[in-house]
Amino acid sequence: MRTIAGAVLCVLALASIEAQAPLSERRGVQTRVEGSPRAFKTPWGDPDLQGTWSNQTLTPLERPAEFANKPVLSAAEAADYEKRLLRNNDADLRNPGTRQDVNTAYNNVWWDRGNKIVADRRTSLIVDPADGKIPALTARGQARAERERQIASSNVEEHATSWLDFDVYSRCIIRSGLPRLSTGYNNNYEIVQTPGYVAIFQEQIHETRIIPLSTQPHLPGTVRQWLGDSRGHWEGDTLVVETTNFTDQARGSIFRNATKNMVLVEKWRRVDDRAIDYQFTVSDPETWTRPWTVKMPWNRIDGLVYEYACHEGNLSMEHMLEAARAAEKQPAK
């Protein structure tokens, strides 16, 4: 606990100092190494990943059927695909007065998915397997996926008995289980570094991962955490982070219906002043028949990450529970 508290104080102290410094001096000193024009270094010599970044992209996680044998698009095909995606995202698919109407009552004025596919024009974020698809589920994985499908189709939120029936996002605990993919909005992250630690703050639900750069073993298997237990190290100019010790205490706390024993390996490598190459590999023999890997860009944004005040405005859960209790009091039809 003393080590974690020290890390938090280091991060907060660095953030406070940064806020008082002139803009040109913020984020530490970024120096280019002679003979390696793309290498950025912190004052203490580690690769510098600091800054505010976004992982928004129009590129789908899995390769669409129309591009089954086409992993990369031409420039013209990519431009046409982007237009179609933006048009489809903006389509009014609502049926007034229905659940779908409430869930899809946004258009592109509200969404912040970005307007581009990845710069190398790939048709999927998945790079392994080569077909751009999530590997087949194991028998246990299929059973868990079916249970989740049944829960989703039953609209459990409409007749929940308590807040525990809601997923972790609705409860303002975390956005979702790690790793994080691009979503409709709030795709912003801030990275802050100190000697021995990297902190990654996410805008949505405002959680912060504090990652020690250490050879210390992971926490005991009896200790489980919402964002798992991360350990990082540098491989050249790449930050490599392995995360274990996830928890399955609540719906939505595990990535894609995996188990708490999933192992996540993430890699961040800064490729230039405005881009980080981010990759992750997930492994869970109880869920997928093989590990799989995603590659996606993190692009630098100019500006601050603002507070996402989830609990302060989270009245929908209270109202749904009130409605469920009211419905229970109605005479049976």
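The values are calculated or read from the model by the stated rules, or taken from the named source; none is laboratory data. All values derive from a computational prediction rather than experimental measurement. Ideal geometry is used to build each Cβ from the backbone, glycine not excepted, and the neighbour counts take in all protein chains shown.
Some observations on this one:
- Selection within the stretch 119-147 - charged (D, E, K, R) and within 20 Å of the chain's Cα centre (by Cα): ARG122, ASP128, LYS133
- Flag: MET317 matches the condition of being hydrophobic (A, V, I, L, M, F, W, C), out of contact with any Gly (no Cβ under 8 Å at 6 or more places or on another chain) and closer than 30 Å to GLU158 by Cα.
- Criterion violated by SER74 - all others in (1) modelled with pLDDT of 95 or more; (2) among the small types (Gly, Ala, Ser); (3) surrounded by 12 or more Cβ atoms within 10 Å (Cβ to Cβ) satisfied: (3)
- Scan of the stretch 183-201 for residues that are farther than 23 Å from TRP44 by Cα and either surrounded by fewer than 21 Cβ atoms within 10 Å (Cβ to Cβ) or not assigned by TED's automatic domain parsing to the domain that holds SER230 (or both), ordered by number: THR183, GLY184, TYR185, ASN186
To keep it simple, each residue is scored yes or no on (1) surrounded by fewer than 19 Cβ atoms within 10 Å (Cβ to Cβ); (2) of a type outside the set (Phe, Trp, Tyr); (3) over 24 Å from PHE166 (Cβ atoms); (4) assigned by TED's automatic domain parsing to the domain that holds SER54.
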{"site": "GLU242", "(1), (2), (3), (4)": "yes, yes, yes, yes"}
{"site": "ALA258", "(1), (2), (3), (4)": "no, yes, no, yes"}
{"site": "ASN261", "(1), (2), (3), (4)": "yes, yes, yes, yes"}
{"site": "VAL265", "(1), (2), (3), (4)": "yes, yes, yes, yes"}
{"site": "TYR278", "(1), (2), (3), (4)": "no, no, yes, yes"}
{"site": "TRP288", "(1), (2), (3), (4)": "no, no, yes, yes"}
{"site": "PRO291", "(1), (2), (3), (4)": "yes, yes, yes, yes"}
{"site": "LEU304", "(1), (2), (3), (4)": "yes, yes, yes, yes"}
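- Scope the stretch 280-333; condition more than 30 Å from PRO135 (Cα to Cα) and among the polar types (S, T, N, Q); matching residues: ASN314, SER316, GLN330
- The stretch 308-327, residues that are at pLDDT 85 or above and loosely packed, with under 10 Cβ neighbours inside 10 Å: ALA326
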